[in-house]
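The values are calculated or read from the model by the stated rules, or taken from the named source; none is laboratory data. Everything numeric here is computed off the predicted structure, so don't read it as measured data. Here the Cβ positions follow ideal geometry from the backbone for every residue, glycine too, while neighbour counts run over all protein chains shown.
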Amino acid sequence: FAIDLLTGANHHDIAFHFNPRMHSVVLNSYRNRTWDSSDERKGGPFVKGGAFDMIMFVKQEDYEVIVNGLNYCSFNHRIPVDKVTTLRIWGDVFINNFSII
C-alpha cells in the first residue's frame, strides 16, 4: 500500500510518498512528473496481513511517522507543506479507523 500527500487530486506533485513493501519502506516525493531521490528504509515494522497503528505528523520541518507507538521515520519537506491539499491511500490495506486532527 502507499500513502501520498499531494498538491492536488489528479496527477499533481506528491509532497510525501510513504510506501511499505515486504522488506523495506520507500519514502519519496514526485515533482514535475519526475520522482526525486528515494529514501529506502530496510526492514520495517509492517508484516503482511498484520495490524498496525500509524500516526503521521506534519511538522514545520518534516513529516514524522510513528508506527505501533515508536518513532519510525522522518522525511524533510521537499515541497512546501502549504501546497498539500490531498491525501491518497491506495493499495492492499484495510483501514479500521482513520482521523485527521
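Summary of values
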item	result
Test result for residue 93, in contact (Cβ under 8 Å) with a residue 40 or more places away in the chain, of a type outside the set (Lys, Arg) and in a loop (DSSP other than H, G, I, E, B)	yes
In segment 20-48, the residues that are in a loop (DSSP other than H, G, I, E, B) and not small (Gly, Ala, Ser)	21, 22, 23, 32, 33, 36, 45, 46, 47, 48
Verdict on residue 59 being without any contact (Cβ under 8 Å) to a residue 60 or more places away in the chain and among the basic types (Lys, Arg)	yes
Count of segment 1-19 residues which are of a type in the set (Asp, Glu), part of a strand (DSSP E or B) and in contact with a helix residue (DSSP H, G or I) (Cβ under 8 Å, 6 or more places away or on another chain)	0
Selected residue [touching an Asp or Glu at 6+ places or on another chain (Cβ under 7 Å) and over 13 Å from residue 14 (Cα atoms)] from 94, 57	57
For residue 98: the one exception among (1) within 14 Å of residue 3 (Cα to Cα); (2) surrounded by 14 or more Cβ atoms within 10 Å (Cβ to Cβ); (3) out of contact with any helix residue (DSSP H, G or I) (no Cβ under 8 Å at 6 or more places or on another chain)	(2)
Extreme residue, modelled with the lowest pLDDT, among residues of segment 1-34 that are touching a strand residue (DSSP E or B) at 6+ places or on another chain (Cβ under 6 Å) and over 24 Å from residue 95 (Cα atoms)	12
Residue that is surrounded by the most Cβ atoms within 10 Å (Cβ to Cβ) [pool: residues in segment 2-41 that are over 15 Å from residue 67 (Cβ atoms) and among the basic types (Lys, Arg)]	31
Residue, nearest to the chain's Cα centre (by Cα), within segment 50-85, restricted to residues that are among the hydroxyl-bearing types (Ser, Thr, Tyr) and surrounded by fewer than 16 Cβ atoms within 10 Å (Cβ to Cβ)	74
Enumeration of residues in segment 68-101 that are within 16 Å of residue 26 (Cα to Cα) and touching a Gly at 6+ places or on another chain (Cβ under 8 Å)	72
